[in-house]
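Worksheet: one structure, shown below.
The values are calculated or read from the model by the stated rules, or taken from the named source; none is laboratory data. Just so it is clear, the model here is predicted, and its values are computed rather than measured. With ideal geometry, Cβ positions are generated from the backbone for all residues, glycine too; neighbour counts draw on all protein chains shown.
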Ligand code: PCA
């Protein structure tokens, strides 16, 4: 069986952990008979996308789910769209702060996710995790990564389910930030597992992708 590729991010914005990697780490090593491959990415424009694309070419995964942390969100959110724009609110972990630049010069304005959104959201809710669809992944490193992954899917003409999921802060992170919602990593991981299983089953004949 081809692997499922999950990516998560290193800490950024003064944090000591990133909720996305905590959730990816909490996943089982196999989902729906697919072995799991985890890739930890730097919070850097360019390099995070390069590393993800390199892993996709090497592993030829059955499904790619990139995960990021979204402070302030109370639910797991499935991202609908990636825009060909980079606009940093804070410098990335390498000090880059692009403003109004394209992710890929000359690329399409946007890519829609290759995940079956409604089915994945329902699967995650059925697993007991509050889950919503988001219409913006922002314009920071997460949007850039989603765009790079979907650009690679389009380039390779390999109709695999691929997309991006934001998870809330962990409770430990939220303790320091009053009034921020949070979610235990094992709970977020339950949603990610359900999303991956649903994506693999819905998309096996590539009907929706
Ligand atoms: N969240 C940021 C980048 C890394 C992360 O976990 C974002 O939403 O762009």
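For the stretch 30-53, a tally of residues being closer than 21 Å to residue 190 by Cα and out of contact with any strand residue (DSSP E or B) (no Cβ under 9 Å at 6 or more places or on another chain) returns 1. Does the stretch 53-63 contain at least one residue that is within 14 Å of the ligand (Cβ to nearest atom), within 16 Å of the chain's Cα centre (by Cα) and either at pLDDT below 95 or closer than 20 Å to residue 147 by Cβ (or both)? Looking for residues that are within 14 Å of the ligand (Cβ to nearest atom), within 16 Å of the chain's Cα centre (by Cα) and either at pLDDT below 95 or closer than 20 Å to residue 147 by Cβ (or both), one finds none in the stretch 53-63, hence no. Checking each residue in the stretch 26-41 for being assigned to a strand (DSSP E or B) and out of contact with any helix residue (DSSP H, G or I) (no Cβ under 9 Å at 6 or more places or on another chain) picks out 30, 35.
Residues considered: 74, 23, 55. Of these, the only one that is out of contact with any helix residue (DSSP H, G or I) (no Cβ under 9 Å at 6 or more places or on another chain), in a helix (DSSP H, G or I) and in contact (Cβ under 8 Å) with a residue 40 or more places away in the chain is 55.
Counting only residues that are away from the ligand (no atom under 14 Å from the Cβ) and crowded, with 19+ Cβ neighbours inside 10 Å, the stretch 164-181 holds 0 of them.
Taken over the stretch 58-71, the criterion of being in a helix (DSSP H, G or I) and touching a strand residue (DSSP E or B) at 6+ places or on another chain (Cβ under 8 Å) is satisfied by 59 alone. Of the residues 137, 96, 88, 82, the single one that is part of a loop (DSSP other than H, G, I, E, B), within 15 Å of the ligand (Cβ to nearest atom), under 17 Å from the mean Cα position of the chain (by Cα) and surrounded by 15 or more Cβ atoms within 10 Å (Cβ to Cβ) is 137. When residues in the stretch 1-26 are screened for being touching a strand residue (DSSP E or B) at 6+ places or on another chain (Cβ under 6 Å) and more than 16 Å from the ligand (Cβ to nearest atom), 4 of them pass.
The set of residues from the stretch 140-163 being within 16 Å of the ligand (Cβ to nearest atom), assigned to a helix (DSSP H, G or I) and touching a helix residue (DSSP H, G or I) at 6+ places or on another chain (Cβ under 8 Å) comprises 141, 144, 145, 147, 148, 149. Residue 103 meets the stated requirement of being in contact with a helix residue (DSSP H, G or I) (Cβ under 9 Å, 6 or more places away or on another chain), closer than 17 Å to residue 43 by Cα and at pLDDT 95 or above. The number of residues in the stretch 27-48 being within 20 Å of residue 98 (Cα to Cα) and within 12 Å of the ligand (Cβ to nearest atom) comes to 6.
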